[in-house]
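Below is one structure, written out as structure tokens, with a few remarks after it.
The values are calculated or read from the model by the stated rules, or taken from the named source; none is laboratory data. As the structure is a computational prediction, the values presented were derived from the model and not from experiment. Backbone-built Cβ (ideal geometry, glycine too); neighbour counts: all protein chains shown. Note: areas computed on protein heavy atoms with side chains; ligands, DNA, RNA excluded. Shrake-Rupley method; radii C 1.70, N 1.55, O 1.52, S 1.80 Å.
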Amino acid sequence: MTITLERIATQDTLPDSTSVVIIGGGIVGVSAALALAERNIPVVVIEKGHLGGEQSSRNLGWIRKTSRHVDDVPLALAADRLWAQMPERIGSDVGYKQSGIMFLSQTDEQLAMHEGWLKSVESLDLGSTLLSQKDIDQHVPGGQGQWKGGLYTPTDGKAEPSIAVPAMAKAAMAKGAVFVQNCAVRTLQTSAGRISGVVTEKGEILCDQVLLTGGAWSRRFLGNHGISLPTLPLVCSVLRTKPMDGPTDIAVGGPDFSFRKHQDGGYIITQRGKLDAPVTLDHLLIGSKYLDQLRTQRSFLKISFGCTFFKDIALGRHWKSDSVSPFEKVRVNNPDVNHGLNQDALNNLSNAWPVFEKAEIEEAWAGIIDVTPDSNPVIDRIAEIPGLTVATGFSGHGFGTGPAAGQLAADLVSNESPIIDPSPYRFSRF
Ligand SMILES: Cc1cc2nc3c(=O)[nH]c(=O)nc-3n(C[C@H](O)[C@H](O)[C@H](O)COP(=O)(O)OP(=O)(O)OC[C@H]3O[C@@H](n4cnc5c(N)ncnc54)[C@H](O)[C@@H]3O)c2cc1C
């Protein structure tokens, strides 16, 4: 099964030159292109596969402040405002709704974690509250689960990944941005020590600035230029049910399931307590930077060693501008779905809310998450290569902040005052 995503037509040929080249047409690259086009800055987005084809169409569509690191909340608040304005800004629906997000705690440890988070953000006035079992039963009726408590933020929300990126790209195009799909950027070009262009599989484009928004590919791209961005891949499997009568519009995250209502009336469900971690060479090279995360989150990972390791090696780590790059070899990263984990999620959810026993699976997919050692992205200029900015490493929660992250990246590229203080996202912290 594959993922439903609106495909849009873009131009086939590259212009000779532009001001800004954006590498990668996910939510972050497309949001940056929209912001730059609105400032009348010439911009070309180059996507190796199709727009939104990787993480940005495979995510759950949650737009949350809840459980974010306190330093990441200003970006999420800025994104809330941008999502709310998006339909008017782009003249099109993106499925945005402020329908609330709730996390459930089954153990005292989980409850303490939720209480700790609430305390960490108490000065920010997010409207988040702790819930009792009775509150949970009222918000999400028909449940049989026994919960120590819950954490609820009514101003959190959702948008539809299957339509958001294409709709935003169409609007950016109407405002002058150029998009080219099925075209991998192989290398950066520099002249007199700064960015002067990029070489793609379809030829070169001259430009003054490059913004890299390559998702899980950014580490490999930068590595070829001698820059080590620490991100490791994890695989998350997801399913969507056919339209059904469910218990709530609120997106709910339990310890071993999560669900949120899709715009068509179905539910998007995942096993929130497990992610596949097929070992790659990068796990061996930079795994030591993740020891703190591993200590606290080892139980979340299904670590395996197998063909992913060898496929990853075969892709190569160094290439020249005149040779086929890894990005052309994998147009769209479409990892195998772990149907076992999806079934677990559905079983666990049905035990908690029996109405899901009637759920019928409409589609299933998996996506790769690019995780940094502190689970926050890098949105920064790269000092080693003047003219290069990156916005990447969103660690499994960059769809919600995408519009603001793209705008922040556009601010850095165009020397505008930044939408929020960018210091939590500086590259030098690694
Ligand atoms: C299963 C799953 C569930 C998730 N759930 C949520 C959620 O509920 N809420 C949330 O906020 N976040 C969620 N996320 C995370 C979120 O989807 C990502 O953080 C976000 O989409 C990242 O956007 P991006 O633009 O950085 O990357 P991507 O969407 O991956 O886009 C990067 C693009 O760059 C292209 N590219 C890379 N290298 C090159 C090159 N050299 N040349 C040309 N093109 C290139 C790729 O083809 C790709 O299309 C989830 C992720 C997954 C996988």
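Contact annotation: residue pairs with Cβ atoms under 7 Å, 6 or more positions apart or on different chains, pairing a residue in region 214-236 that is at positive phi with a partner that is open to solvent by less than 30 Å² (accessible area, probe 1.4 Å) and within 12 Å of the ligand (Cβ to nearest atom), are Gly215/Gly24; Gly215/Gly26; Gly215/Asp370; Gly215/Thr392.
Taking every residue in region 131-144 that is under 13 Å from Gly254 (Cβ atoms) and pairing it with any residue that is open to solvent by 60 Å² or more (accessible area, probe 1.4 Å) and modelled with pLDDT under 95, at least 6 positions away or on another chain, yields no pair with a Cβ-Cβ distance below 6 Å. Screening Lys302, Lys320, Lys329 for residues that are within 16 Å of the ligand (Cβ to nearest atom), surrounded by 15 or more Cβ atoms within 10 Å (Cβ to Cβ) and basic (Lys, Arg) leaves exactly one candidate, Lys302.
Considering only residues in region 213-227 that are buried (at least 22 other Cβ atoms within 10 Å of the Cβ) and outside any helix (DSSP H, G or I), the one that is farthest from the ligand (Cβ to nearest atom) turns out to be Thr213. Tallying residues that are touching a residue at least 40 places away in the same chain (Cβ under 8 Å) and in a loop (DSSP other than H, G, I, E, B) within region 237-272 yields 17.
Let's see how each residue does on (1) assigned to a helix (DSSP H, G or I); (2) more than 25 Å from Ser323 (Cα to Cα):
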position: Gly142; (1), (2): no, yes
position: Ala164; (1), (2): yes, yes
position: Ala169; (1), (2): yes, yes
position: Ile205; (1), (2): no, no
position: Leu211; (1), (2): no, no
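Only a single item in (1) closer than 25 Å to His397 by Cβ; (2) surrounded by fewer than 24 Cβ atoms within 10 Å (Cβ to Cβ) is not met by Val28, and it is number (2). Within the span defined as region 228-250, one or more residues are away from the ligand (no atom under 14 Å from the Cβ) and over 30 Å from Gly142 (Cα atoms).
Looking across region 38-59 at every residue that is surrounded by fewer than 22 Cβ atoms within 10 Å (Cβ to Cβ) and of a type outside the set (Asp, Glu), the one that is farthest from Val378 (Cα to Cα) is identified as Asn40.
Taking the numbered list (1) of a type in the set (A, V, I, L, M, F, W, C); (2) free of Cβ contacts under 8 Å to residues at least 60 places away in the same chain; (3) open to solvent by 30 Å² or more (accessible area, probe 1.4 Å); (4) within 15 Å of the ligand (Cβ to nearest atom) in turn, Ala277 passes all entries but (3). Here is the figure for region 405-416: residues that are open to solvent by less than 10 Å² (accessible area, probe 1.4 Å) and in contact with a Lys or Arg (Cβ under 8 Å, 6 or more places away or on another chain) total 1.
Determine which member of the set Asp374, Asp312 is open to solvent by 30 Å² or more (accessible area, probe 1.4 Å) and either in contact with a helix residue (DSSP H, G or I) (Cβ under 8 Å, 6 or more places away or on another chain) or within 25 Å of Leu188 (Cα to Cα) (or both). Write out each step before concluding.
Numbers: Asp312 fails: open to solvent by 30 Å² or more (accessible area, probe 1.4 Å).
Result of the check over Asp374, Asp312: Asp374.
The single condition from (1) out of contact with any strand residue (DSSP E or B) (no Cβ under 8 Å at 6 or more places or on another chain); (2) in a helix (DSSP H, G or I); (3) open to solvent by 10 Å² or more (accessible area, probe 1.4 Å); (4) more than 21 Å from Leu222 (Cβ to Cβ) that Ile419 fails is (2). Scanning region 374-384 for residues that are of a type outside the set (Gly, Ala, Ser), part of a loop (DSSP other than H, G, I, E, B) and more than 16 Å from the chain's Cα centre (by Cα) returns Ile382, Glu384.
Just name the residue that is least open to solvent (accessible area, probe 1.4 Å) out of those in region 357-371 that are among the aliphatic types (A, V, I, L, M), farther than 21 Å from Thr280 by Cα and part of a strand (DSSP E or B). Of everything passing the filter in region 357-371, Ala364 is least open to solvent (accessible area, probe 1.4 Å).
Lys311 - would you say it is charged (D, E, K, R) and without any contact (Cβ under 8 Å) to a residue 12 or more places away in the chain? Judged against the criteria, Lys311 is a match.
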